[in-house]
Amino acid sequence: METVRCEGLGKTYGRAVAVGDLNLSVEAGQVYGFLGPNGSGKTTTMRMLLGLIRPTSGRAWLNGRALPDPAGLAHVGAMIEEPAFHPWMTGRRSLEVLALYGPPFRRADAVAEALGKVGLTSAADRKVKTYSQGMRQRLGLALALMRAPSVVLLDEPMNGMDPAAIREFRATVRCVADSGTTVFLSSHQLTEVEQICDRVAVMTSGRVIAEGRPDDLTTAVVRVVLAPADRAAARTLLSSSFPVRAEDSDALVVGSGDGHAVNELLGRGGVWAHQIRVERSGLERAFLALTGPTGEEVEDDAASPR
Amino acid sequence: MRHLRAELATLNRPLTWAVMTAAALFCVLLAIGGADNARRAVDDTGGGRSPSCAVMRLPAGPACAQALAIQKRRIEEEHAAGTRAAARTAAQLDPIAAGAEAAGLMASLPGALAVSLLAGGHIGGEWSGRTLKNVLTQNGRRLRVVAAKLVSLWIAGVGLVCACWTCLAVAGPVIRAADHLPDPHQPTHHAVTWAGTQFGRSLVVLAAFAAIGLLAGVVTRGTIGTMAASAAIVLAMLIAATLPALGRWTPATWVQGWMGFAGGQESIGSLPDNFWSRFIDTGGTAPGHAMGLAGVTGLLVTCAVAAFVVFRRLDVTG
C-alpha cells in the first residue's frame, strides 16, 4: 500500500517554481530518502504533505487519504527543518503541551517512551533553552514519534548530531521502520542515507531527476591488484569485454560491478590476481553528478590544485 | 478544550507574568496618585479664609460685604466639590468597587497596550519562534487553532483585570487611610453593582482587544510586528474618534458608549477610571450602551473572521 503519493504536485511563488510536477510514491514500511541540494524543493514538498503550504497544482495522498486532510495528521509524525520549542518549557512539558493539540494518547506514558527512544530521559525536565542543537533535534524526533505514527516525515533530522547520536538515530529509524512505520526523510548526510534508506529520490530545481534503490544510483567498479609483470596481460584479457584503466603500478580498475565475471576472464587467460574487489562509487558521487555541474566539471574541480 | 488547555499552558510564561505585574503596579501607582490628588483638593479648599476688604481693594461697606459673601460661598462650594471628589475617590478605592476601576483601566488604553504585548508573544511569537509548525502538524484544523488562540488571549486579558482588582482591593483601603480620605458611605450593594457591571462590560471590550491582537499577529507574523500593529490600531481608533462628525461612528466611541465612560474633560478626575474617553470629542451625544455593544461586538467579529480567513490560506514557511 502506498503511504505517500504525489501526482503532479507543484508550488510556485509568482514566477519562481519551488516544486514542479512532482510524482512520487512511497510504499508502506519503507525508509525513503529524499535528497537534493539546498533550495531544490525538499522542505517545500514536505510542508505541502503536512498541510503547512498550499500546493498550486497537483494532488497528494498520505496514508491513502487525499490532502488536505487535517484529521489524518493524527497518524503522521513530522520534524520539519530545525525543530523549535518554547525556551521556557522543559522538554517533557513541551511534548505534553503539543500532545494536547491532537487526540488523546492511547498510552499514558507515550511522552516518556518517546523521550526514552531518543535518549532524552535524563534531560527531560530541563528547560529547552539549556539544550544543545543536537538535543533539540532529538526532542523534535521524539515529537515526531510520540504518537506511534504510521508515517514519519523527517527533514534534515541529523543536523547538529554527533556521531554517536547519528548511530543511535540510525538504529531508531531502523527500529521504527521494522515496526511497519514508513519513514520519509531528507538529509544531506549521504553516507547515512545510503545505510538507512531502502529507496531514494534525488530532487533538483523542484523536480525528481532520479529515483531508485541506493545501489541503483551508484556505480560499481572492480579493482584488480596483481603482480606488475602480469598487468599488461591482464589488461589485454579484460579490455576485450570491459573498459579498463591502469592505476598505480599494480592495479587495474575495471568498469563493471561483476567481480565473478572479471575473475573468470582472468582465470581462463592464466592470469592470477592478488586481490579482486568490487567497489561502489558512493551516493555522494552520484548525487553530485546528478545535481551539480556536469561530471567532467566535477572531476576537473577535484583534480585542479588548490 | 484540549486546544484551549494547550494555549493556556503556553501562556504560562515570563511575558504574561511580567505584563500582569506591570498592569497591577500601574493601577496601584495610579491609585496612590489619585488619592493624593483627592486629599490635596480637600486641603487646598478647606482651610481657606475669606480675603479682607483691603485685599479685595474695596472700601468697608455693603459692597465689600457682598463681595465677601460671594467669596465665602465660592470657597464653600469648592470645598464641598473637593470633598465630594475625595469621597468619590474613596469609593473607587473600596475593595469591591475597585473592580470597576480595574475594569475601566483594562478596558481602555492601558489594557489595550497590555493585550498588544501579550498578543505579540503569544501569537506573533509562534512565527518568530518557528513553533507554529509544531502546532499545525499535531492538528491541522486551523479554525480550532485560531479560536483557541483568541479565547486564551481573552482569558489572559480577563486575568489582567482580576490581577489589578486584587491589588487594588488590598492596597485601596491602605491608600485611603493613609490620605485620610472621607468615608464615602457607599452601600455594599452599590459597590457590587458598580464593579459587577463594569467588569462584565470589560469582558466584551477585552475580547475585541484580543481579536485585534489576533488579526495583527496573523497579518504581521512576528512578535514585534504584532505588538506594534495592535498598538497602532488602537491609537488609530482613538485618533479617528477625534475627527469631527466621524467620531460617533468609530470603534473608540463604541467602547466609550458601552463602558459608559464620561467624555472629554469630564472623564478626568482625581483618580481616572479610564484612559480612553478623554481623547474623544464630546461634541454631540456619545453612543449609548446598546450601540456601543453592537459596535464593539461588530469589531470583535470582524477582526476574528478576518484573522481566520487570512490564517486559513496562509503558507507556514517558518
Legend entry - Matching residues, the range A:41-60, being within 14 Å of chain B (Cβ to nearest Cβ) and among the charged types (D, E, K, R): A:Lys42, A:Arg47, A:Arg54
Legend entry - Some residue of the range B:259-269 being of a type outside the set (Val, Ile, Thr), modelled with pLDDT of 90 or more and assigned to a helix (DSSP H, G or I): yes
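Would you be able to tell me the number of residues in the range A:99-116 that are within 23 Å of A:Arg174 (Cα to Cα) and either crowded, with 18+ Cβ neighbours inside 10 Å or not assigned by TED's automatic domain parsing to the domain that holds A:Met158 (or both)? Spell out the reasoning first.
Of the range A:99-116, the ones within 23 Å of A:Arg174 (Cα to Cα) are A:107, A:109-116.
Then drop every residue that is not either crowded, with 18+ Cβ neighbours inside 10 Å or not assigned by TED's automatic domain parsing to the domain that holds A:Met158 (or both), which leaves A:110-111, A:114-115.
Within the range A:99-116, residues that are within 23 Å of A:Arg174 (Cα to Cα) and either crowded, with 18+ Cβ neighbours inside 10 Å or not assigned by TED's automatic domain parsing to the domain that holds A:Met158 (or both) number 4.
Checking the condition of a type in the set (A, V, I, L, M) and at pLDDT below 85, which residue from B:Ala112, B:Ala81, B:Ala87 passes? If you could, list the steps in order and put the result at the bottom.
Values: B:Ala112 fails: at pLDDT below 85; B:Ala87 fails: at pLDDT below 85.
Being of a type in the set (A, V, I, L, M) and at pLDDT below 85 holds for just one of B:Ala112, B:Ala81, B:Ala87, which is B:Ala81.
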Inset, instruction - Of all residues in the range A:143-168, count the ones that are farther than 22 Å from A:Glu27 by Cβ, more than 12 Å from chain B (Cβ to nearest Cβ) and out of contact with any Gly (no Cβ under 7 Å at 6 or more places or on another chain). - result: 7
Legend entry - Options A:Arg170, A:Arg207; residue that is within 20 Å of A:Phe287 (Cβ to Cβ), without any contact (Cβ under 8 Å) to a residue 60 or more places away in the chain and surrounded by fewer than 21 Cβ atoms within 10 Å (Cβ to Cβ): A:Arg170
Inset, instruction - From A:Ala71, A:Ala108, grab the single residue that is closer than 19 Å to B:Gly140 by Cβ, of a type in the set (Gly, Ala, Ser) and not in a strand (DSSP E or B). - result: A:Ala71
Inset, instruction - Considering every residue within the range A:251-259, establish whether at least one is buried (at least 16 other Cβ atoms within 10 Å of the Cβ), in contact (Cβ under 8 Å) with a residue 12 or more places away in the chain, more than 17 Å from A:Ala273 (Cα to Cα) and of a type in the set (S, T, N, Q). - result: no
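Considering only residues that are touching a residue at least 12 places away in the same chain (Cβ under 8 Å), of a type in the set (A, V, I, L, M, F, W, C) and away from chain B (no Cβ under 12 Å), which ones fall in the range A:61-77?
Within the range A:61-77, A:Trp61 is the sole residue that qualifies.
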Legend entry - Residue count for the range B:9-68, restricted to those that are more than 24 Å from B:Leu271 (Cα to Cα), surrounded by fewer than 17 Cβ atoms within 10 Å (Cβ to Cβ) and among the charged types (D, E, K, R): 2
Inset, instruction - Please verify whether the range B:215-226 includes one or more residues that are modelled with pLDDT of 95 or more, closer than 30 Å to B:Ala91 by Cα and not aliphatic (A, V, I, L, M). - result: no
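If the requirement is being under 18 Å from B:Gln138 (Cβ atoms) and outside any helix (DSSP H, G or I), which of these qualifies: A:Glu96, A:Glu113, A:Glu81? Reasoning before the result, please.
Numbers: A:Glu96 fails: outside any helix (DSSP H, G or I); A:Glu113 fails: outside any helix (DSSP H, G or I).
Exactly one of A:Glu96, A:Glu113, A:Glu81 is under 18 Å from B:Gln138 (Cβ atoms) and outside any helix (DSSP H, G or I), namely A:Glu81.
I'd like to check something: does the range A:13-33 contain any residue that is under 24 Å from the mean Cα position of the chain (by Cα), of a type outside the set (Lys, Arg) and part of a helix (DSSP H, G or I)?
There is no residue in the range A:13-33 that is under 24 Å from the mean Cα position of the chain (by Cα), of a type outside the set (Lys, Arg) and part of a helix (DSSP H, G or I).
Would you mind finding the one in B:Ala171, B:Ala216, B:Ala191 that is out of contact with any Gly (no Cβ under 7 Å at 6 or more places or on another chain), crowded, with 24+ Cβ neighbours inside 10 Å and assigned to a helix (DSSP H, G or I)? Steps first, please.
Details: B:Ala171 fails: crowded, with 24+ Cβ neighbours inside 10 Å; B:Ala191 fails: crowded, with 24+ Cβ neighbours inside 10 Å.
Every option except B:Ala216 fails the conditions.
Scanning the range A:78-103 for residues that are of a type in the set (Gly, Ala, Ser) and more than 8 Å from chain B (Cβ to nearest Cβ), which turns out farthest from A:Thr3 (Cα to Cα)?
Residues of the range A:78-103 that are of a type in the set (Gly, Ala, Ser), as a first pass: A:78, A:84, A:91, A:94, A:99, A:102.
Subset that is more than 8 Å from chain B (Cβ to nearest Cβ): A:91, A:94.
Details: A:Gly91: 30, A:Ser94: 28 Å.
Once the filter is applied, the top-ranked residue is A:Gly91.
Scan the range A:25-40 and tell me whether some residue there is buried (at least 22 other Cβ atoms within 10 Å of the Cβ), in contact (Cβ under 8 Å) with a residue 60 or more places away in the chain and within 14 Å of chain B (Cβ to nearest Cβ). Spell out the reasoning first.
Within the range A:25-40, the first condition is being buried (at least 22 other Cβ atoms within 10 Å of the Cβ), and the residues that meet it are A:26, A:31-36, A:40.
Okay, now just the ones that are also in contact (Cβ under 8 Å) with a residue 60 or more places away in the chain, so A:26, A:31-36, A:40.
Filter once more, so that each one left must be within 14 Å of chain B (Cβ to nearest Cβ): none.
So far as the range A:25-40 goes, no, none of its residues is buried (at least 22 other Cβ atoms within 10 Å of the Cβ), in contact (Cβ under 8 Å) with a residue 60 or more places away in the chain and within 14 Å of chain B (Cβ to nearest Cβ).
Is one or more of the residues making up the range A:248-260 among the acidic types (Asp, Glu), farther than 26 Å from A:Ala210 by Cα and at pLDDT below 85?
Yes - at least one qualifying residue is present in the range A:248-260.
For every residue, the table says whether it meets (1) without any contact (Cβ under 8 Å) to a residue 24 or more places away in the chain; (2) within 29 Å of B:Lys149 (Cβ to Cβ); (3) in contact with a strand residue (DSSP E or B) (Cβ under 7 Å, 6 or more places away or on another chain); (4) outside any helix (DSSP H, G or I).
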residue: B:Arg73; (1), (2), (3), (4): yes, no, no, no
residue: B:Ala87; (1), (2), (3), (4): no, no, no, no
residue: B:Ala102; (1), (2), (3), (4): no, yes, no, no
residue: B:Ala119; (1), (2), (3), (4): no, yes, no, no
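Residue check: is B:Val174 away from every other protein chain (no Cβ under 14 Å), among the aliphatic types (A, V, I, L, M), farther than 17 Å from B:Asn274 by Cβ and free of Cβ contacts under 8 Å to residues at least 60 places away in the same chain? Show your work before the answer.
Working: away from every other protein chain (no Cβ under 14 Å): yes; among the aliphatic types (A, V, I, L, M): yes; farther than 17 Å from B:Asn274 by Cβ: yes; free of Cβ contacts under 8 Å to residues at least 60 places away in the same chain: yes.
So B:Val174 passes the test.
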Legend entry - Residues that are facing chain A (nearest Cβ under 8 Å), assigned to a helix (DSSP H, G or I), crowded, with 20+ Cβ neighbours inside 10 Å and touching a Phe, Trp or Tyr at 6+ places or on another chain (Cβ under 8 Å), drawn from the range B:123-151: B:Asn134, B:Val135, B:Gln138, B:Val145
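Out of the residues in the range A:58-98 that are among the small types (Gly, Ala, Ser), at pLDDT below 95 and farther than 30 Å from A:Val17 by Cβ, state the one that is farthest from the chain's Cα centre (by Cα).
At the first step, the residues of the range A:58-98 found to be among the small types (Gly, Ala, Ser) are A:58, A:60, A:64, A:66, A:71-72, A:74, A:77-78, A:84, A:91, A:94.
The next check asks that each one be at pLDDT below 95; those that pass are A:58, A:60, A:64, A:66, A:71-72, A:74, A:77-78, A:84.
Now narrow it down to the ones that are farther than 30 Å from A:Val17 by Cβ: A:71, A:74.
Numbers: A:Ala71: 28, A:Ala74: 24 Å.
My answer is A:Ala71.
Could you list, in sequence order, all residues of the range B:1-20 that are more than 11 Å from B:Ala156 (Cα to Cα) and either outside any helix (DSSP H, G or I) or of a type in the set (A, V, I, L, M) (or both)? Even if it seems obvious, please write down each step before you answer.
Filtering the range B:1-20 down to residues more than 11 Å from B:Ala156 (Cα to Cα) leaves B:1-6, B:9-10, B:13-15, B:18.
Hits for the range B:1-20 are B:Met1, B:Leu4, B:Ala6, B:Ala9, B:Arg13, B:Leu15, B:Ala18.
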Inset, instruction - Return only the number of the condition from (1) buried (at least 19 other Cβ atoms within 10 Å of the Cβ); (2) under 21 Å from A:Gln30 (Cβ atoms) that A:Leu226 does not satisfy. - result: (2)
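The values are calculated or read from the model by the stated rules, or taken from the named source; none is laboratory data. What you are looking at is a predicted structure, and each value in this text was computed from that prediction instead of being measured. Methodologically, a virtual Cβ is constructed for each residue, glycine included, from the backbone with ideal geometry; neighbour enumeration extends over all protein chains shown.
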